[in-house]
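The values are calculated or read from the model by the stated rules, or taken from the named source; none is laboratory data. Just so it is clear, the structure is predicted and the values come from calculations on it, not from any experiment. Here the Cβ positions follow ideal geometry from the backbone for every residue, glycine too, while neighbour counts run over all protein chains shown.
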Amino acid sequence: MRRVVGLGIVFCICVAAISFLSAAQPESVGFAISDLQLISTASRLDWTERWTAPVEGATIMAWFHEHGYPDLLTDLNGDGVIDELDTIELGDRFGKTDMQTATERGTTDALLVYGLAKYVAARYPGQFELKIYDAGFPVEFERDILIPFSPDAIPGIILTLKPEPNYAAYQSELQSGQGVIVGAEEAIDRNDYLAGRSFLFRKTQAGWYSVDLAWAQDDRWQPGIQGQILQTEAMETDALYLYYQGVWTKVECMLGLSPTIRHKPGPSGPCPQGSIGYDVSTATTPYGDVRIEECVTREGKVDTYTYTVTNISFVHNGCGLCLFGVPNSMGLLTLAQDGPASWLVNPTWPDGWQWMAPLFDCGILAGESAVFSFSVLAPTTDVAVTGYVGECAGPGLIEALGLMLETFRVQTTGPGKGDIPRPDCPDLTVTIDRSSCSCQWMGNFYQCTITVHALVRNIGAAPAGFFHVGLSTALGDADQPIPSLAAGASTSVTLTVTSTCTRGHCPCPGDLSVTADSWGQVVECDEKNNTDTGTACCK
């Protein structure tokens with residue numbers, strides 16, 4: 001069996017999960033979870049194509065096993081490891097017991113719900129809710145399970161009836177870190193089940209939505225037995241439809257398995273002896289301070305970068321930190337990427353490594369820490385980079401085109417290629433020519449604009465590829481992308497920040513700084529000569 005892990009290369013629709021307030025950041029168009037196991041209805045000789053319910057049910061259990069709920073998948077076959085073989089064994093047990101897949105009738109929506117809910121409730125009583133998007137489900141439940149439907153019909157788990165499936169619910173459930181299963185209607189009282197995996201916010205030119213799902217069909221193009229990724233479209237008219245096996249097929253039901261108790265991330269240990277890199281930095285944001293501790297270890301041909309993010313005092317809207325990212329300045333291949341159990345790894349962000357807490361989670365609270373890591377091919381060099389942390393999302397931040405989060409730059413270190421010839425490298429410097437601040441009284445506050453003119457030079461012997469120039473002021477931050485800068489060349493930049501201040505609280509003088517390569521995207525001869533500082537007086 002071959003496991004599909006959370007690598008950007010396994011997801012062929014390149015989308016970004018988050019839209020940032022900075023105009024220089026990539027636009028948000030979608031979201032993906034790629035670390036779902038792909039098992040197939042061909043995994044066992046006695047299974048048939050009707051085994052999609054236990055296959056996807058076991059797939060969701062395996063995902064939660066790796067995201068903070070380890071008891072949802074155990075070493076069922078006794079071989080000393082927990083892997084896809086145990087997921088297959090769990091699917092077999094589902095299908096031959098509560099889900100009744102092996103019977104002549106097969107699994108109905110009610111039997112799928114019953115099997116999942118009973119299994120989860122026994123292992124994590126009182127910690128999960130199972131949402132059922134199917135208005136007619138209570139009748140099916142009483143018919144097949146022989147008990148009336150109610151929120152507490154199965155002790156230890158909440159059953160919540162929702163309206164008919166819709167695309168907004170699919171987005172919300174998936175992006176909130178839920179286990180999503182959709183039932184594509186094949187016949188009366190019979191569905192094919194698929195696990196939700198990704199979506200795009202925007203419609204295609206044809207007015208559809210691009211999605212992909214874990215599909216229990218055997219992938220005959222891969223060695224061994226493995227399920228597939230169904231890359232398709234969704235359409236919403238009188239109901240939600242998937243383009244499935246050549247026709248538009250109604251999504252007859254949808255399930256969202258949701259933890260009601262999120263398992264908190266924990267701190268890491270000290271950087272081990274023999275580490276090849278170590279860095280500690282503290283960033284101050286408008287909402288409090290954040291500490292980043294980075295450790296780099298090498299094992300054979302693999303370098304692993306581990307970041308412990310500590311929320312010292314960051315609090316905004318009653319929550320903490322829900323986003324962390326590090327730029328992949330060299331376009332390195334990701335071998336592995338990991339984070340806190342309940343957090344979502346976004347392997348599709350094109351510029352680096354990114355993690356986000358589920359929607360409506362309060363993330364890393366003040367005084368808490370969380371650990372993030374990724375592995376790349378060795379050798380790399382630990383160089384200065386600019387990462388970022390972000391606030392948590394609330395209902396008011398869910399926009400039509402995606403999720404809008406305010407982010408803040410944090411200085412840390414990250415990987416550069418280890419074989420770059422140092423004499424032939426770019427080297428960026430910046431000099432502030434002049435700065436000013438103009439304010440306009442708006443009746444009860446000032447609206448002020450800080451404008452900074454600077455000159456960026458590449459004094460190195462090699463060209464600098466795409467990078468950013470960043471402005472940091474007391475009123476806020478700004479970025480300007482620079483496509484490239486040849487060796488020995490220079491370019492003028494103008495950066496502006498507009499914000500409000502009250503009489504007596506406008507910065508005068510106000511410190512400011514301009515940094516070339518503010519996102520740490522260029523590996524330079526000298527990483528410490530990129531910043532110039534100055535002041536501006538806002539009256």
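Can you pull out the residues in region 76-91 that are surrounded by fewer than 17 Cβ atoms within 10 Å (Cβ to Cβ), of a type in the set (D, E, K, R) and under 18 Å from L38 (Cα atoms)? Before the answer, list the steps.
Our first condition is that a residue be surrounded by fewer than 17 Cβ atoms within 10 Å (Cβ to Cβ); within region 76-91, this holds for 76-81, 83, 85.
When the remaining residues are screened for being of a type in the set (D, E, K, R), the result is 79, 83.
Selection gives D83 alone.
Scan region 172-193 and tell me whether some residue there is basic (K, R) and under 20 Å from D144 (Cβ atoms).
Yes, because at least one residue in region 172-193 is basic (K, R) and under 20 Å from D144 (Cβ atoms).
Output yes when any residue across region 49-65 is under 19 Å from A341 (Cβ atoms), in a loop (DSSP other than H, G, I, E, B) and at pLDDT below 90, and no when none is.
Within region 49-65 (the criterion being under 19 Å from A341 (Cβ atoms), in a loop (DSSP other than H, G, I, E, B) and at pLDDT below 90), the answer is no, since none of the residues qualifies.
Has region 464-473 got at least one residue that is out of contact with any Pro (no Cβ under 9 Å at 6 or more places or on another chain), surrounded by 14 or more Cβ atoms within 10 Å (Cβ to Cβ) and of a type in the set (F, W, Y)?
Among the residues of region 464-473, not one is out of contact with any Pro (no Cβ under 9 Å at 6 or more places or on another chain), surrounded by 14 or more Cβ atoms within 10 Å (Cβ to Cβ) and of a type in the set (F, W, Y), which makes the answer no.
Listed here are the residues, each with its yes/no results for (1) modelled with pLDDT under 85; (2) among the aromatic types (F, W, Y); (3) assigned to a loop (DSSP other than H, G, I, E, B); (4) under 24 Å from the mean Cα position of the chain (by Cα).
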{"position": "A214", "(1), (2), (3), (4)": "no, no, no, yes"}
{"position": "Q217", "(1), (2), (3), (4)": "no, no, yes, no"}
{"position": "M254", "(1), (2), (3), (4)": "no, no, no, yes"}
{"position": "G266", "(1), (2), (3), (4)": "yes, no, yes, yes"}
{"position": "D289", "(1), (2), (3), (4)": "no, no, no, yes"}
{"position": "T306", "(1), (2), (3), (4)": "no, no, no, yes"}
{"position": "V309", "(1), (2), (3), (4)": "no, no, no, yes"}
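Out of the residues in region 379-390 meeting the condition of being at pLDDT 85 or above and either surrounded by 17 or more Cβ atoms within 10 Å (Cβ to Cβ) or of a type in the set (F, W, Y) (or both), tell me which one is nearest to L333 (Cα to Cα).
T380
Can you say whether A214 is surrounded by 15 or more Cβ atoms within 10 Å (Cβ to Cβ), within 28 Å of N328 (Cα to Cα), assigned by TED's automatic domain parsing to the domain that holds F141 and hydrophobic (A, V, I, L, M, F, W, C), as far as the supplied structure shows?
yes
Of these, V497, V493, V523, V514, which one is under 14 Å from S435 (Cβ atoms), buried (at least 17 other Cβ atoms within 10 Å of the Cβ) and modelled with pLDDT under 90?
V497
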